[in-house]
1. Just to be sure I understand, how many residues within segment 188-207 are at pLDDT below 85 and crowded, with 19+ Cβ neighbours inside 10 Å?
2. Any idea which of (1) under 23 Å from the mean Cα position of the chain (by Cα); (2) crowded, with 16+ Cβ neighbours inside 10 Å; (3) in contact (Cβ under 8 Å) with a residue 40 or more places away in the chain is the one Asp214 doesn't satisfy?
3. Among residues belonging to segment 280-302 that are closer than 21 Å to Arg218 by Cα and of a type in the set (S, T, N, Q), point out the one that is surrounded by the fewest Cβ atoms within 10 Å (Cβ to Cβ).
4. Let me confirm something: among Ala264, Ala272, Ala232, which residue is in a helix (DSSP H, G or I), among the aliphatic types (A, V, I, L, M) and either touching a Lys or Arg at 6+ places or on another chain (Cβ under 9 Å) or open to solvent by less than 20 Å² (accessible area, probe 1.4 Å) (or both)?
5. Kindly provide the set of residues from segment 1-17 that are over 13 Å from Pro33 (Cβ atoms) and of a type in the set (Lys, Arg), ordered by number.
6. Hey, can you tell me all the residues within segment 1-53 that are open to solvent by less than 40 Å² (accessible area, probe 1.4 Å), modelled with pLDDT under 80 and part of a helix (DSSP H, G or I)?
7. It is to be established whether one or more residues within segment 109-122 are open to solvent by 20 Å² or more (accessible area, probe 1.4 Å), touching a helix residue (DSSP H, G or I) at 6+ places or on another chain (Cβ under 6 Å) and without any contact (Cβ under 8 Å) to a residue 24 or more places away in the chain.
8. Could you tell me which residue of segment 153-178 is modelled with the highest pLDDT, considering only residues that are open to solvent by 50 Å² or more (accessible area, probe 1.4 Å) and either among the small types (Gly, Ala, Ser) or closer than 14 Å to Ala206 by Cβ (or both)?
Amino acid sequence: MLRFSTDAFSEHARVDAWREAFGRALLNIDIVPRSKDGFQAKAAIFASPTLGLLRASTSPARQGNPRSLITNDDLTFSWAVSGRVSATKLGRIADLDPGDGVLMSNEDVGGMTFSEDCEYAGFRVPKSMLAPLVPDIGILIARRVPGANPALRILTRYVDLGQADLLAADSALQNAFGNHVRDLLVLALGARRDMAELARTRGLRAARLRAMQDDIRRSCHRPNFSVHSVAAGYGVTVRYIQRLFEESGQTFTEYLTEQRLAAAYQALRQPASAEVPVSTIAYDCGFSDVSHFNRLFRQRFGCTPSDVRKQN
């Protein structure tokens, strides 16, 4: 993970530092701020053999690749997280609102204009890996992909959820993540029928599972949270979700119970909850039966909830 911030430089040196370290050494682009006064920018880049991920924020500026900086024909897919962005390439203009995305080619002159403080994210992929999967990919350059696109919404969330995990992942997991990201991009752009089917059975399923797991961690404290509520939220069948979790090696119910037990364990270790009855903590973590909670807790941690509180 490479990180860069203009906060590390004096105000008069920030533009040059951003241009040289970020714009040349990392992305090979040129950067022209709208104003040198108060310019600020930050970036975090994750680089693996198969995928390069970027998340950055910037004051108003324009960045792009003039002819002199073109060195490859890679493709870059970016999306606006906050603020409005205008992308230009091949005589086309794509105005992006938060959530919208755009595909850009590094072999053509063009760039992106940030007319206000913006946060954006994206990744780079070799053209040779994407072109066979998407018909007439050239006509998609600098075309707005609306944020309402279902595949794009899943893609951006999957990238957000996966970045932290990538730091600890081995090369096999990193490769799998890269494949899943490309699969979702292919679906968002419009793939050939055979490639779309592969993307749905590989990348889309992995991204949905990851998003559902995150939903469970966020909502496991709700006693009425169930596989039925998740299925309704995603517009899929209960059996579809059950198969997704079973293929991962853990059933939906097992994963939900694990998250509730983990939440209870953490709550019991907090000094602020020292006077809170164990039954209240169990209910607050989504359990409706205290006896059942105590039995599951002992099976999972080898001790009782009271033991954890005493140890703390």
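The values are calculated or read from the model by the stated rules, or taken from the named source; none is laboratory data. Just so it is clear, the model here is predicted, and its values are computed rather than measured. Note that we place each Cβ from the backbone using ideal geometry, even for glycine, and neighbour counts take in every protein chain shown. Note: accessible area is taken over every heavy atom of the protein model, side chains too, but ligands, DNA and RNA are not part of it. Shrake-Rupley method; radii C 1.70, N 1.55, O 1.52, S 1.80 Å.
1. Of the residues in segment 188-207, the ones at pLDDT below 85 are 190-207.
Next, from what is left, pick out any that are crowded, with 19+ Cβ neighbours inside 10 Å: 191, 199, 203-204, 206-207.
The number of residues fulfilling the criteria is 6.
2. The single condition Asp214 does not satisfy is (2).
3. By that ranking, first place goes to Ser288.
4. On the way: Ala272 fails: either touching a Lys or Arg at 6+ places or on another chain (Cβ under 9 Å) or open to solvent by less than 20 Å² (accessible area, probe 1.4 Å) (or both); Ala232 fails: either touching a Lys or Arg at 6+ places or on another chain (Cβ under 9 Å) or open to solvent by less than 20 Å² (accessible area, probe 1.4 Å) (or both).
The unique qualifying residue is Ala264.
5. The one that is over 13 Å from Pro33 (Cβ atoms) and of a type in the set (Lys, Arg): Arg3.
6. Ala21, Phe22, Gly23 - these are the residues of segment 1-53 that are open to solvent by less than 40 Å² (accessible area, probe 1.4 Å), modelled with pLDDT under 80 and part of a helix (DSSP H, G or I).
7. no
8. Here is the first cut: in segment 153-178, the ones open to solvent by 50 Å² or more (accessible area, probe 1.4 Å) are 153, 157, 160, 164-165, 167-168, 170-173, 175.
Going one step further and asking which of them are either among the small types (Gly, Ala, Ser) or closer than 14 Å to Ala206 by Cβ (or both), we end up with 157, 164-165, 168, 171-173, 175.
Numbers: Arg157: 89, Ala164: 68, Asp165: 69, Ala168: 60, Ser171: 75, Ala172: 75, Leu173: 73, Asn175: 78.
Ranking the candidates gives Arg157 first.
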